[in-house]
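A quick write-up on the structure given underneath.
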Amino acid sequence: MAKVFCVANQKGGVGKTTTTVNLAAGLAAVGQRVLMIDLDPQGNATMGSGVDKRGLQLTVYDVLLESASVAEARVKSEKCGYDVLGANRELAGAEVELVELERREKRLRGALAVVQAEYDFVLIDCPPSLSMLTLNGLCAAHGVVVPMQCEYFALEGLSDLVNTIKQVHANLNKDLAIIGLLRVMYDPRITLQQQVSDQLKAHFGDKVFDTVIPRNVRLAEAPSYGLPGVVFDPAARGSQAFVEFAREMVQRIQRL
């Protein structure tokens, strides 16, 4: 059965989508079967996986409204080696439409149950706000991967996210836990980043992944070509770090 992980952080601009698509590509590169779900109406993770969001006949929106199954709505990203359940602007309307429906927080969970045996990992790219879409992701997941920059404001945002996860764990999803914190856009030359990194390790211990993703121009360029950095330039430092992170994820899951 697949392990389902949300990539979430309530602070915007921390590299959630970059982390999701590159981890998906990294896991595929080390032989894992992966489904990437885009829960953000902007559809950046869809486009960043080599899939044109404007050309999709069915999206995660149709799955949430139960007018299509995951098997019907997913598409294969041939270049990246994983399946994509994409999103586009239609998804913004789901916020309003879900409010009045039954099991509104657990629709994604129900839909995934049918295909879970087909994958090793399901990765969900969540929007930055705590919305009905994010709740669907958190209710479907076994755990949360938190990408974060080693900056002071990132610590503030982390405490909000930890409280949200506790509430969802208590009320909606007993399986939910923080799997680990991933340090991204890291520059060891900046003293503050080193200090925040040390604080994270002191406070969260082995919840902090060993792998660190460096600040890397090639990772930043890759989305403009519609690809994860791992596929766009496998030799780049950032890409190699994500493949290493994928291996660490596989090992960590085996220990759970």
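Remarks
- Residue pairs whose Cβ atoms lie under 7 Å apart, sitting 6 or more positions apart in sequence or on different chains, and linking a residue in the range 43-61 that is of a type in the set (Ser, Thr, Tyr) and at pLDDT 95 or above to a partner that is surrounded by fewer than 19 Cβ atoms within 10 Å (Cβ to Cβ) and in a loop (DSSP other than H, G, I, E, B), are 59/90; 61/90.
- Filter pass, residue 32 being at negative phi, modelled with pLDDT under 95 and of a type in the set (S, T, N, Q): no
- Looking only at the range 128-148, and only at residues there that are part of a loop (DSSP other than H, G, I, E, B) and touching a helix residue (DSSP H, G or I) at 6+ places or on another chain (Cβ under 8 Å), the one that is nearest to residue 213 (Cα to Cα): 128
- Listed by position, the helices (runs of 4 or more DSSP H) contained in the range 156-256 that have at least 2 residues being under 28 Å from residue 135 (Cα atoms) are 191-204, 237-255.
- Answer from 65, 39 - the residue that is under 27 Å from residue 12 (Cα atoms), touching a residue at least 12 places away in the same chain (Cβ under 8 Å) and within 16 Å of the chain's Cα centre (by Cα): 39
- Verdict on residue 93 being touching a residue at least 12 places away in the same chain (Cβ under 8 Å), under 21 Å from residue 51 (Cβ atoms) and within 15 Å of the chain's Cα centre (by Cα): no
- Considering only residues in the range 179-213 that are basic (Lys, Arg), out of contact with any Cys (no Cβ under 9 Å at 6 or more places or on another chain) and surrounded by 13 or more Cβ atoms within 10 Å (Cβ to Cβ), the one that is farthest from residue 152 (Cα to Cα) turns out to be 207.
- The range 1-51, residues that are surrounded by fewer than 22 Cβ atoms within 10 Å (Cβ to Cβ) and of a type in the set (Asp, Glu): none
- Checked against the criterion of being within 22 Å of residue 6 (Cβ to Cβ), touching a Lys or Arg at 6+ places or on another chain (Cβ under 8 Å) and either surrounded by 13 or more Cβ atoms within 10 Å (Cβ to Cβ) or among the aliphatic types (A, V, I, L, M) (or both), the range 217-231 contains one or more residues that satisfy it.
- For the range 130-163, filtering for residues that are hydroxyl-bearing (Ser, Thr, Tyr) and within 30 Å of residue 191 (Cα to Cα) leaves 2.
- In the range 208-248, of all residues being touching a strand residue (DSSP E or B) at 6+ places or on another chain (Cβ under 6 Å) and of a type in the set (Phe, Trp, Tyr), the one that is nearest to residue 181 (Cα to Cα) corresponds to 209.
- Failed criterion for residue 138 (all others in (1) under 18 Å from residue 39 (Cα atoms); (2) over 14 Å from the mean Cα position of the chain (by Cα) hold): (2)
- Matching residues in the range 119-158 - criterion: being among the acidic types (Asp, Glu) and closer than 15 Å to residue 23 by Cα: 120, 125
- Residue list for the range 68-78, filter: farther than 16 Å from residue 122 by Cβ and either surrounded by 15 or more Cβ atoms within 10 Å (Cβ to Cβ) or touching a residue at least 60 places away in the same chain (Cβ under 8 Å) (or both): 68
- Residue, surrounded by the fewest Cβ atoms within 10 Å (Cβ to Cβ), within the range 161-178, restricted to residues that are more than 11 Å from residue 8 (Cβ to Cβ) and in contact with a Lys or Arg (Cβ under 9 Å, 6 or more places away or on another chain): 172
- Summed over the range 44-91, residues that are touching a Gly at 6+ places or on another chain (Cβ under 9 Å) and closer than 24 Å to residue 29 by Cα total 19.
The values are calculated or read from the model by the stated rules, or taken from the named source; none is laboratory data. Since the model is a prediction, treat every value here as computed from it, not as a measurement. Reconstructed Cβ throughout: ideal geometry from the backbone, glycine too, with neighbour counts over all protein chains shown.
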